[in-house]
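Heads up, the thing below is written out as structure tokens.
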Amino acid sequence: MPQPLDSLIKPLRAQDLARVAALEARTFGPGRFARTAYRVREGGHDLSSASRVAWLGEALIASVRMTEITIGGLPGALLLGPLVVAAEQAGRGLGRRLVEAALDAAREVGATLVVLVGDRSYYGPLGFASLSPGRIALPGPVDPARLLVAELAPGAAERYSGLVQARRTRGFDRAISAA
Ligand SMILES: CC(C)(COP(=O)(O)OP(=O)(O)OC[C@H]1O[C@@H](n2cnc3c(N)ncnc32)[C@H](O)[C@@H]1OP(=O)(O)O)[C@@H](O)C(=O)NCCC(=O)NCCS
């Protein structure tokens, strides 16, 4: 019988980062460095402890990075991405469970907003919605229809406007060092 998905999901540890990077490289190829989440984190920024991975035995089969950000200088938000599921494990609900686990963890670390760039059809049922165009800007061009946020506190999105930047100083969270 297949294992329940939740039992596969664990917090990301610093020692998993090389395997996460390898899974991302296999999935996205060299073009990954142009992705928004990479651009925001340019310079190898620390990751939030809300980041999650999934293991099947010794194999790391999925990952979602969470990065503490400021928006217009205001802290309290996280950027979700990249989300990646190994091709041979796709379509069994792991991606969605990983996002749900990361959102639960984001709430626990005290984040009030989670931002991502992705497909509304995938992330909408997980609690993500579009913002009014121009409210939040990311480094580099982003299709406004793909800029999505999940509020973890009522009205949180209203508090934020401006440029998304990786938080450079230690924030509210116990960070995982990318070094
Ligand atoms: C996209 C991805 C994370 C989905 O993971 P997954 O574990 O296969 O997803 P789930 O099993 O939770 O969900 C599967 C459902 O999502 C749909 N889906 C997959 N990718 C989608 C996309 N880009 N847009 C909309 N829906 C998508 C599938 O059609 C399926 O729909 P169904 O439930 O109606 O059959 C995974 O396929 C992947 O790693 N892809 C390459 C990397 C990528 O594009 N990451 C997302 C951007 S960072």
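Suppose the chain between residue 59 and residue 14 were pulled fully straight at 0.36 nm per residue; how much longer would it get relative to their current alpha carbon spacing?
Answer, rounded to one decimal: 14.6 nm.
Name the trypsin sites (Lys or Arg not before Pro) in segment 1-57 that are in a loop by DSSP and that have at most 12 other C-beta atoms within 10 Å, would you?
13
Given contacts defined as C-alpha pairs under 8 Å and at least six residues apart, what's the relative contact order of segment 5-166, whole-number percent?
After rounding, I find 24 percent.
Starting at the first residue of segment 31-40, write each ³J(HN,Hα) from the Karplus equation 6.51 cos²θ - 1.76 cosθ + 1.60 with θ = phi - 60°, in whole Hz, x for Gly and Pro.
Values per residue, Gly and Pro as x: x, 4, 5, 8, 5, 4, 4, 5, 5, 4 Hz.
Amide H to amide H, which residues 5 or more places from residue 41 or on other chains are under 5 Å from it, using H placed in the peptide plane?
none
When the gyration tensor of segment 32-179 is built from Cα positions, what are the square roots of 5 times its three eigenvalues, in whole Å, from largest to smallest?
22, 18, 15
Find how much the distance from residue 153 to residue 22 grows on full extension, using 0.36 nm per residue of separation minus their present alpha carbon separation; answer in nm with one decimal.
Length difference between fully extended and current span is 43.7 nm.
Readers should treat all values here as calculations from the given coordinates under stated rules, not as data from a laboratory. If you're wondering where the values come from, they're calculated on a predicted model, not measured in any experiment. When we count neighbours, we look across all protein chains shown, and the Cβ atoms used for this are built from the backbone with ideal geometry, even at glycine.
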